[in-house]
2 protein chains.
Amino acid sequence: MADTLVTEMNALGEAAKSAARAIREASTETKKKALLAAAAAIRASKAAILAANGEDMARAKDNGLSGSMLDRLMLDEKRVEAMAKGIEEIAALPDPVGRELARWSRPNGLDIARVATPIGVIGIIYESRPNVTADAAALCLKSGNAVILRGGSESVKSSHSILAAIQDGLAAAGLPKEIVQLVPTTDRAAVGLLLKGLSGAVDLIIPRGGKSLVARVQDEARVPVLAHLEGICHTYIHPSADAEKARAIVVNAKMRRTGVCGSTETLLIDRGVAPELTLAVLNDLTAKACEIRGDDSIRALYPAAKPATEEDWRTEYLDAIISVKVVDGVEAAIAHIEHYGSHHTDAIITEDANVAARFLNGIDSAIVIWNASTQFADGGEFGMGAEIGIGTGKMHARGPVGVEQLTTFKYMLRGTGQIRG
Amino acid sequence: MADTLVTEMNALGEAAKSAARAIREASTETKKKALLAAAAAIRASKAAILAANGEDMARAKDNGLSGSMLDRLMLDEKRVEAMAKGIEEIAALPDPVGRELARWSRPNGLDIARVATPIGVIGIIYESRPNVTADAAALCLKSGNAVILRGGSESVKSSHSILAAIQDGLAAAGLPKEIVQLVPTTDRAAVGLLLKGLSGAVDLIIPRGGKSLVARVQDEARVPVLAHLEGICHTYIHPSADAEKARAIVVNAKMRRTGVCGSTETLLIDRGVAPELTLAVLNDLTAKACEIRGDDSIRALYPAAKPATEEDWRTEYLDAIISVKVVDGVEAAIAHIEHYGSHHTDAIITEDANVAARFLNGIDSAIVIWNASTQFADGGEFGMGAEIGIGTGKMHARGPVGVEQLTTFKYMLRGTGQIRG
């Protein structure tokens, strides 16, 4: 690897670390001012951002990118406005830094407080959507962190024009622009250096993208990773389910949007569910153009279903396809989900509170749901504001990762001369 | 690497994963019963444990282990009793699993609760002290986790005899013995496999040992690590400090026990502090046989001090040595600590509440202290009960890692048929 790249990346890390000290101690008002100024700058730079994006789009077309990739890369007036609005919404959130999370006194009079603090320097690696540049920067800024962004190489010009607007916002509030930086090269080796922590400068890496990106990050990272793996989400219909709720929830859980991580990929139907309800649910899905892949029991009842293979139970379709399996009781449903699921979001539909409690306790997923759609797996729907993803690991934060989850804590001990015996 | 080792270690991982499901759902009473039975079994097995330890000690002496290593390895009646008592104390702690950490309702009626859950399978890698086998097993059991322990090769017989007693306790409560397992080989390659997560079975690694162990773990681990790095702790005396408090706190912070991570290694004295107080503090330390290594200002005042080198400001002595530096004001103290410290525990002695607030906010350490000894950096002193270490990273848990910190959480959403618009 070229020494110059190492030097350049370490300098980026040092600058971020130094900027982290400034944003860590910035007041709520200063951070708000920077965010509102950044939103205004994005609106004011609309023409420049769209022009930069046009260059990215032209290059991407030349390189033969697929239609869905091009759609993700594309910015228009509406999307630029949505970015600015998103930053304003983050500006309006309560400041997550400085919250007193707990406080107690010891018999010796020592007063102990657990107080929320920023994490420090966060590296965010993402793919083609240029709007992540704005979202991620705003979430990190609000939570008092410095951020090093590494977007997809296809969106490099768009990202730089968005970065310029955000750095204008920082400058307007008197904050160093190095609070938000972009990796200045598309050299893939730069990502490797970022993942190794830039000589101790990086406190956390958040990958935001597909399975192969997350796998590379988890393999190469030498600093903590807050990863969003896939969402193989389940909805289980129990015999005591209310038929109308079941029909409405299943269609919504699968088909409201098929490309989001909280969409249901596998439907588990209890053998005790009335065949009329099973048929109604499958017909509802088919009417919405959803492909059904069923096990033998389902295909016996609903011959139009394609046969589900072992692979189907492990697949996040992100598409209008659902795998459907008949299970014998709540324990079998739990066992299936624990075996095949991704510990993201799983739901039960039942009117039996005891069975619901069993399911909520028995499933070890970030989000477990009783009688509602799995598509509620979203920071906004939780009332947490914008999120950077849904954590599927066990440590630090599970579920929606919003500004509060981008903080850590420290203990403040206040004494009057206590010494330890 | 031998295929048999891979197979054997993966089987260990699978067994732990399966046992984790059992302990995750065990009731508070069942876990308590297992812990009390384990404590009783340790007392009942005292002769066997001491005999096993005798074998370890004989081998260690043959291998020429140092006196302090031998002392760490050695068990006697008192130490076995302390192990049993430690387990009973952990049994008496409140159950950290199932705590409702937060609960709120959304405008659509969706009820959202954040509930504490076990982490899953924890790998703990430690060095010579065989009592860690008992402590770590009990902390994991109480917090609903399965654990794979890997002790030092020199304590292998002691650890196995302690394990047998703990597994008796699990059996007495009707729990699978695989909730607590020991890596069955001293092959170092087994540690490498554990650090890679045993094909997805391991959720967290906790290294408990010296710098080189932690460095190896951080370099090789492909699963999250909760690490305790060194404690380069500071005490800063501000000009407004109360002289009596300052003298009592500094001697306690350095000399109460020099081998603990919360002992002060560097004393920062403000240039505004009266020379009489500085001299009194240094004389107090010298009277306790503490070696003083000072900067030029300190040596001008106190010629008996040895010169401190750049290396001294970065050194965790864990011994009766202290480095002492004169700083110009609270900002210089903060800058020194941020530059040289290890983000463990740092204290200020001052009667000025504004200066104290500045210090508590400005220092980014797990524990920041006003007018008390840094030796309060301890889970027991926090009222948290036993701890497995002091986290010096930023993610998941900072400071004392007790049973609450060995849990994660999930969200439970309770609805009445809500679908997402």
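Determine ³J(HN,Hα), in whole Hz, for all residues of segment B:383-392 in sequence, where each value follows from phi through the Karplus function 6.51 cos²θ - 1.76 cosθ + 1.60 and θ = phi - 60°; x replaces Gly and Pro.
For segment B:383-392, the Karplus curve yields x, 9, x, 4, 10, 9, x, 10, x, 10 Hz.
Strictly over 25 Å apart at the Cα level, which of A:K85/B:K394; A:K394/B:K157; B:K32/B:K177; B:K306/B:K394 would you flag in this model?
In this structure, A:K85/B:K394; A:K394/B:K157; B:K306/B:K394 lie more than 25 Å apart at Cα.
By how many nm would the segment from B:A304 to B:K85 lengthen if fully extended, with 0.36 nm per residue of separation less the alpha-carbon distance?
Full-extension gain reported as 74.3 nm.
Which residue fluctuates most in the GNM of chain B (Cα springs below 10 Å): B:M57, B:M395, B:M384?
Checking each option, the largest mean-square fluctuation is seen for B:M395.
State the Cα centre-to-centre distance between segment A:398-418 and segment A:159-229 in whole Å.
Here the answer is 23 Å between Cα centres.
Note down the relative contact order for segment A:303-412 as a percent, whole number, built from C-alpha pairs under 8 angstrom at least six residues apart.
Once normalised by length, the contact order is 18 percent.
Normalised by the residues of chain B, what does the relative contact order come to in percent, with Cα pairs under 8 Å and at least six apart?
This gives 18 percent for chain B.
Would you tell me the mean number of C-beta atoms belonging to other protein chains that fall within 10 Å of each C-beta in A:232-244, as a whole number?
0
Give, rounded to the nearest 20 debye, the magnitude of the charge dipole that chain B has about its Cα centre when Lys and Arg contribute +1 at Cβ and Asp and Glu contribute -1 at Cβ.
My answer is approximately 1360 debye.
Kindly work out what percent of the DSSP beta bridges joining two residues of the protein assembly as shown are antiparallel, to the nearest 5.
Approximately 25 percent, going by the DSSP bridge assignments.
Within chain B, what percent of beta bridges assigned by DSSP are antiparallel, to the nearest 5?
So the antiparallel bridges in chain B amount to around 30 percent.
From largest to smallest, what semi-axes in whole angstrom does segment A:1-125 give when each is the square root of 5 times an eigenvalue of its alpha carbon gyration tensor?
39, 22, 14
Taking +1 at the Cβ of each Lys and Arg and -1 at the Cβ of each Asp and Glu, which of B:I232, B:M412, B:A164 sits farthest along the dipole of chain B towards its positive end, judged by Cα position relative to the Cα centre?
The listed residue farthest towards the positive side: B:M412.
On average, how many beta carbons from a partner chain sit within 10 Å of the beta carbon of a residue in B:362-375?
6
Enter the per residue convex hull volume of segment A:118-256, computed from alpha-carbon coordinates, in Å³ rounded to the nearest integer.
Per residue, the Cα convex hull of segment A:118-256 comes to 156 Å³.
Can you put B:M255, B:M9 in order, fewest other beta carbons within 10 Å first?
B:M255, B:M9
Lys/Arg Cβ at +1, Asp/Glu Cβ at -1, dipole of segment A:233-381 taken about the Cα centre: which of A:S297, A:T258, A:A308 is farthest positive-ward?
A:T258
What is the distance, in nm, between label points placed 7 Å from the Cα along the Cα-to-Cβ direction at A:E77 and at B:A357?
4.9
Once you place label points 7 Å from the Cα toward the Cβ at B:A215 and B:A48, how far apart are they in nm?
4.0
What's the exposure ranking of B:Y317, A:Y126, going from fewest to most Cβ atoms within 10 Å?
With the sparsest Cβ surroundings first, the list reads B:Y317, A:Y126.
Given the options B:G192, B:G391, B:G262, state which has the largest fluctuation in a GNM of chain B using a 10 Å cut-off (strictly under) for Cα springs.
Highest fluctuation among the options: B:G192.
Which one, B:A47, B:V115, B:L73, projects farthest toward the positive side of the charge dipole computed for segment B:14-147 from Cβ point charges (K/R +1, D/E -1)?
B:V115
With +1 on each Lys and Arg Cβ and -1 on each Asp and Glu Cβ, how big is the dipole of segment A:233-381 about its Cα centre, in debye rounded to the nearest 20?
Rounded to the nearest 20 debye, it is 360 debye.
Considering the zone a paramagnetic label at B:L70 would reach in this model (a point 7 Å from Cα along the Cα-to-Cβ line), which residues of segment B:27-61 have amide N under 11 Å from it?
The answer is B:57-61.
Per residue of segment B:345-350, in order, report the coupling 6.51 cos²θ - 1.76 cosθ + 1.60 (Karplus, θ = phi - 60°) as ³J(HN,Hα) in whole Hz, putting x for Gly and Pro.
Going residue by residue, I get 8, 9, 10, 10, 10, 7 Hz, with x marking Gly and Pro.
Nm distances between the label at B:E29 and the same-position labels in the remaining copies, 7 Å along Cα→Cβ, shortest first?
Distances between equivalent label points, in nm: 5.8.
Quick one: putting +1 on the C-beta of Lys and Arg, -1 on the C-beta of Asp and Glu, what dipole do you get for the protein assembly as shown around its Cα centre, in Debye to the nearest 20?
Computed charge dipole of the protein assembly as shown: roughly 520 debye.
Label A:R99 and B:R257 with points 7 Å out from Cα along Cα→Cβ: what is the distance between them in nm?
Computed distance between label sites A:R99 and B:R257 equals 3.5 nm.
Would you calculate a helix-derived [θ] at 222 nm for chain B, using -39,500 (n - 2.57) for each DSSP H run of n ≥ 4 and dividing by the full residue count, to the nearest 500?
Per the formula, -13500 deg cm²/dmol.
For segment B:233-376, what relative contact order do you get, as a whole percent, if you take Cα pairs closer than 8 Å and at least 6 residues apart?
For segment B:233-376, the relative contact order is 34 percent.
Taking beta carbons within 10 Å but only from partner chains, what does the mean come to for residues A:224-230?
Partner-chain Cβ atoms within 10 Å, mean over residues of A:224-230: 2.
Kindly provide the Kirkwood hydrodynamic radius of segment B:233-376 in Å, to one decimal, from all pairs of distinct alpha carbon atoms.
Computed over segment B:233-376, the radius equals 14.4 Å.
Return one quarter of the surface area of the convex hull spanned by the alpha-carbon atoms of chain B, equal to its mean projected area, in nm².
With every direction weighted equally, the projected area is 25.0 nm².
Show me A:71-78, B:15-22 ranked by packing, highest mean number of other Cβ atoms within 10 Å first.
B:15-22, A:71-78
Expressed as cubic angstrom per residue, what is the convex hull volume of the alpha carbon set of the protein assembly as shown?
175
Separation of segment B:236-259 and segment A:128-144 by C-alpha centroid, Å?
44
Distance between the C-alpha centers of segment B:67-106 and segment A:84-114? Whole Å please.
Cα centroid of segment B:67-106 versus Cα centroid of segment A:84-114: 29 Å apart.
Values quoted throughout were computed directly from the atomic coordinates according to the rules given, and no laboratory measurement underlies them. Since the structure is predicted, the reported quantities are computational estimates derived from the model, not experimental observations. Counting neighbours? That spans all protein chains shown, and the Cβs are built from the backbone with ideal geometry, glycine included.
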